[in-house]
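These notes concern the structure reproduced below.
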Amino acid sequence: MKMKTIVFAYSRGGCETAARLLPLLPADTALYCPARMASPPFQAPEKPDESFYGACFAAADALIFVGAAGIAVRMIAPHLRHKSEDCAVLVIDERGRFVIPILSGHIGGANALAAELADALGATAVITTATDVNGRFSVDAWAARQGYAISDMELAKRVSAAILEGDVAFQSDFPVKNDILPAGLAPGGSGALGVAVTVEIKSPFARTLRLIPRAVRLGVGCRRGADSAAIRALAEEALSAYGIDKRAVKEVATIDLKKDEPGLLSFCRVEGWPLRFYSAEELRAAEGEFTASAFVESVTGVDNVCERAALREGGRLLIPKQAKNGVTVAAAIETVELSF
């Protein structure tokens, strides 16, 4: 369990149940209770007011309230934003008999966390989301578990509603393990509504919900002093030209000579993409056919940076070398297999 978690208890019995959760939660989990009963590992909030709970809601991946559900509802209600952003919120009764996810059951992982905690406590997980109750495929929960981006959250709600009524068409650019689809999905290539697993910006159905694997590695090379705007412009131009959704990018890769390149570092920081560095020797070991440049080799010790960096961890070249304004980019896609 890697969630940043905060636990609240409101009675001595609640504190005892909360303490039972500690071995199941991350080491940095914070536990709060009223000042009159606070002793390590519990602490009392300085001011248990709306701003305190708002700060907790914004900082945590999961909030666990050990006590009445009404307390949790009142504390979090002013801070709700959107199902794609809200953290997981669970309620556990003070005797530890029931674990109830009340917010972000799917995308935030509250349902999965509830099942895990209930199993460890010998409690009952009370799951109320319709797809789970009916044993049907939950598109947002599955995408969240895989780490896939969802193209349209409102359309995801429509797909979930349709799955409750019958099967929804499904297609994937990647193989499905054992060719087994879950209840609620059926193979299809056209129609009014469907789900597609792809890194491409395309719509095989009249209304297509795209689930986007973060499986594209962007290789970048640049001259010394290249600014972030030039790098961003070419990266976006290349992705757009080849119809690749920007949300599919997993990381950026380049040669270690660029470790202190301000423009490249700024570009990755703004985009939120990790940046991986390789030595010239490591890049020379990349497998494939590359667009060689004698000049690049004379400067870096390797005949191509962007394509080799993109393919260094394997996969297939998706975008060959593109060059403009002292910047080069290429992209590769890693091997993906879907499993339900």
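The values are calculated or read from the model by the stated rules, or taken from the named source; none is laboratory data. Only a predicted model underlies this, so the values are computations on that prediction, with no experimental measurement involved. Here the Cβ is made from the backbone with ideal geometry for all residues, glycine too, and neighbour counts use every protein chain on show.
In table form, for the structure just shown:
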read-out: Qualifying residues in segment 1-13 (those that are among the aliphatic types (A, V, I, L, M) and not in a loop (DSSP other than H, G, I, E, B)) - the one surrounded by the fewest Cβ atoms within 10 Å (Cβ to Cβ); value: 6
read-out: Condition met for residue 232 (in contact with a helix residue (DSSP H, G or I) (Cβ under 7 Å, 6 or more places away or on another chain) and within 19 Å of residue 140 (Cβ to Cβ)); value: no
read-out: Contacts under 6 angstrom Cβ, first residue in segment 312-340 being under 20 Å from residue 243 (Cβ atoms), partner among the polar types (S, T, N, Q) and surrounded by fewer than 22 Cβ atoms within 10 Å (Cβ to Cβ), 6 or more apart; value: 321/291; 329/322
read-out: Some residue of segment 37-47 being assigned by TED's automatic domain parsing to the domain that holds residue 117, within 29 Å of the chain's Cα centre (by Cα) and not β-branched (Val, Ile, Thr); value: no
read-out: Answer residue from segment 157-175, given it is touching a strand residue (DSSP E or B) at 6+ places or on another chain (Cβ under 7 Å) and hydrophobic (A, V, I, L, M, F, W, C) and is surrounded by the fewest Cβ atoms within 10 Å (Cβ to Cβ) among those; value: 174
read-out: Residue 217 surrounded by 21 or more Cβ atoms within 10 Å (Cβ to Cβ), touching a residue at least 40 places away in the same chain (Cβ under 8 Å) and out of contact with any Gly (no Cβ under 9 Å at 6 or more places or on another chain); value: no
read-out: Flag for residue 240 being more than 20 Å from the chain's Cα centre (by Cα), under 30 Å from residue 304 (Cβ atoms) and outside any strand (DSSP E or B); value: yes
read-out: Residue in segment 300-310 that is in the same structural domain as residue 247 (by TED's automatic domain parsing), part of a helix (DSSP H, G or I), out of contact with any helix residue (DSSP H, G or I) (no Cβ under 9 Å at 6 or more places or on another chain) and farther than 22 Å from residue 216 by Cα present; value: no
read-out: Segment 1-32, residues that are small (Gly, Ala, Ser) and either within 17 Å of residue 115 (Cβ to Cβ) or in contact with a strand residue (DSSP E or B) (Cβ under 6 Å, 6 or more places away or on another chain) (or both); value: 9, 14, 18, 30
read-out: Among (1) in contact with a helix residue (DSSP H, G or I) (Cβ under 8 Å, 6 or more places away or on another chain); (2) closer than 30 Å to residue 145 by Cα; (3) of a type in the set (Phe, Trp, Tyr), the one test that residue 205 misses; value: (1)
read-out: Any hit, segment 321-335, residues being in a loop (DSSP other than H, G, I, E, B) and within 21 Å of residue 214 (Cα to Cα); value: yes
read-out: Where a residue in segment 111-123 is farther than 11 Å from residue 97 by Cα and its partner, wherever it lies, is in a loop (DSSP other than H, G, I, E, B), with Cβ under 6 Å and at least six apart; value: 111/105; 111/127
read-out: Segment 218-229, residues that are over 14 Å from residue 306 (Cβ atoms) and of a type in the set (A, V, I, L, M, F, W, C); value: 229
read-out: Checklist (1) surrounded by 15 or more Cβ atoms within 10 Å (Cβ to Cβ); (2) part of a loop (DSSP other than H, G, I, E, B) applied to residue 282, failing item; value: (2)
read-out: Hits in segment 225-266 - residues which are touching a Ser or Thr at 6+ places or on another chain (Cβ under 7 Å) and either among the hydroxyl-bearing types (Ser, Thr, Tyr) or free of Cβ contacts under 8 Å to residues at least 40 places away in the same chain (or both); value: 228, 256, 266
